[in-house]
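Q: Below you'll find the structure I mean.
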Amino acid sequence: MSEVSNLVKADKIVRWGMTFSFIFLVIEAGLLVLFYLELPPSVPIFNQLPWGDERLGAKFEFLIPLVITTIFFLFNYILLRKLYTYMPLVSRILGITTLLASLLSLIFVARTLQLIL
């Protein structure tokens, strides 16, 4: 198992992808912790729905992007470590996909907070 860890750490694409993904998740969690109490009771989360109350979600629903992205990060990290010895390209794709998902989640939370506050 330590051989796989050394291989994953040696691959720059996987290492930087997962490192920056983790950093983005920490920043997103920090933003949510800092501004959670200042949020109004209903937050515009579901932007694809038509105007009205359907677009609004409860305050705690604003945590959904962080939870989904964290689960995605953990699942991809476990899968990446298991697949790296057999398919390094797939592991790199998982690392980049995780990076993009966490970046987009951070942008969503930051922009929504910027619009609300």
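The values are calculated or read from the model by the stated rules, or taken from the named source; none is laboratory data. Worth saying up front: this structure is predicted, and the values here are computed from it rather than measured. The accessibility values were calculated without ligands, DNA or RNA, using every heavy atom of the protein model including side chains. Shrake-Rupley method; radii C 1.70, N 1.55, O 1.52, S 1.80 Å.
Q: Can you give the calculated 222 nm mean residue ellipticity of the chain, where each DSSP H run of n ≥ 4 adds -39,500 (n - 2.57) and the sum is split over every residue, rounded to the nearest 500 deg cm²/dmol?
A: Result for the chain, helices only: -24000 deg cm²/dmol.
Q: A further question follows. Using the Karplus curve 6.51 cos²θ - 1.76 cosθ + 1.60 with θ = phi - 60°, what ³J(HN,Hα) values do you get for each residue of the stretch 43-48, in whole Hz, with x for Gly and Pro?
A: 3J(HN,Hα) across the stretch 43-48, in whole Hz: 10, x, 10, 8, 6, 7.
Q: For the chain, modelled as a GNM with alpha-carbon contacts under 10 angstrom, which of 36, 86, 77 fluctuates the most?
A: Of the options given, 86 has the highest mean-square fluctuation.
Q: Considering only protein heavy atoms, what per residue accessible area in square angstrom results for the stretch 1-74 with a 1.4 angstrom probe?
A: Numbers: 4970 Å² over 74 residues.
On a per-residue basis, 67 Å².
Q: Here's a follow-up. Please report the carbon-and-sulfur percent of the accessible area for the chain; probe 1.4 Å, protein heavy atoms only, DNA, RNA and ligands left out.
A: Working: 5640 of 7600 Å².
Answer for the chain: carbon and sulfur cover 74 percent of the accessible area.
Q: Scan the chain and note any complete DSSP helix (H) whose C-alpha atoms cover at least 27 Å along its axis and whose Kyte-Doolittle average is 1.6 or more.
A: In the chain, the long hydrophobic H runs are 12-35, 64-83, 88-116.
Q: Rounded to the nearest 10 Å², what accessible area does residue 26 show when all protein chains are kept and the probe is 1.4 Å?
A: 80
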